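Working notes for the structure below.
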Amino acid sequence: MRIGIRNATFLCTALALAFFMSSVRAHASAPATAQLSSSAAGARHVALTLAFRTELRCGGLMGTRKVVVALPVRSRVPEAIPASAVTVAGKAVSNVGVSGHAVTLTLAPPRGMMCDSVRVGSARIIVAGAAGIGNPKSPGAYSVKVTHGSETFAAPLAIR
């Protein structure tokens, strides 16, 4: 079978792109990490920092502007969380919705000059103590889940 140079170039480019995308997705499926300002059972007004590896455009999350953080069922979650208490990738969110233990973050739309640098990196969500989140009353192993688009990341959480 004979392949022309144009077809061979196209095939090589397609294979390289497929390899790159599979390696990006392999990194993106890594587990998330969660850090608390206090791991004491029943602690209130706890700050939470979540980190997960995913594709970033100029340091920010790509795609959908919604991020859902599912906190442990036994944790204390207020009926409302001020947007000023949460940042994603170092930027303030425009809205925070609370439904049970699911906290939906709406990312602010990009402003100014747009950049087009895409790479795999660590995205960070910081929920300040002012949000009013509290740890479960019982010590144990828990999990926090972060969903952004079609990706879900789980972070283990140890309460003492």
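Some notes on this structure:
- For the stretch 138-145, the criterion of being surrounded by fewer than 14 Cβ atoms within 10 Å (Cβ to Cβ) and of a type in the set (Lys, Arg) is met by no residue.
- Subset of the stretch 33-44 (residues that are surrounded by 17 or more Cβ atoms within 10 Å (Cβ to Cβ) and either touching a Pro at 6+ places or on another chain (Cβ under 9 Å) or of a type outside the set (A, V, I, L, M) (or both)): Thr33, Ala34
- Scanning the stretch 58-76 for residues that are surrounded by 13 or more Cβ atoms within 10 Å (Cβ to Cβ), out of contact with any Gly (no Cβ under 7 Å at 6 or more places or on another chain) and at negative phi turns up Gly60, Leu61, Met62, Arg65, Lys66, Val67, Val68, Val69, Ala70, Leu71, Pro72, Arg74.
- In the set (1) at pLDDT below 95; (2) in contact with a strand residue (DSSP E or B) (Cβ under 9 Å, 6 or more places away or on another chain), the condition left unmet by His45 is number (1).
- Cross-chain or 6+ apart pairs with Cβ under 6 Å, the stretch 65-76 first and in the same structural domain as Ala141 (by TED's automatic domain parsing), then modelled with pLDDT of 95 or more and assigned to a loop (DSSP other than H, G, I, E, B): Leu71/Val77; Leu71/His101; Pro72/Pro136; Val73/His101; Arg74/Pro136; Ser75/Pro136
- Complete set of residues in the stretch 67-103 that are hydroxyl-bearing (Ser, Thr, Tyr) and farther than 17 Å from Gly134 by Cα: Ser84, Thr87, Ser94
- Test: residue in the stretch 91-112 that is surrounded by 12 or more Cβ atoms within 10 Å (Cβ to Cβ), assigned by TED's automatic domain parsing to the domain that holds Lys66 and touching an Asp or Glu at 6+ places or on another chain (Cβ under 9 Å): yes
- Consider the stretch 30-52 and keep the residues that are part of a strand (DSSP E or B) and of a type in the set (Val, Ile, Thr). The one that is nearest to Val88 (Cα to Cα) is Thr49.
- The residue list Arg65, Arg25, Arg111, Arg124 contains one member that is within 16 Å of the chain's Cα centre (by Cα), at pLDDT below 90 and of a type outside the set (Asp, Glu), which is Arg25.
The values are calculated or read from the model by the stated rules, or taken from the named source; none is laboratory data. Predicted model only: the values in this text are computed from it and were never measured. Methodologically, a virtual Cβ is constructed for each residue, glycine included, from the backbone with ideal geometry; neighbour enumeration extends over all protein chains shown.
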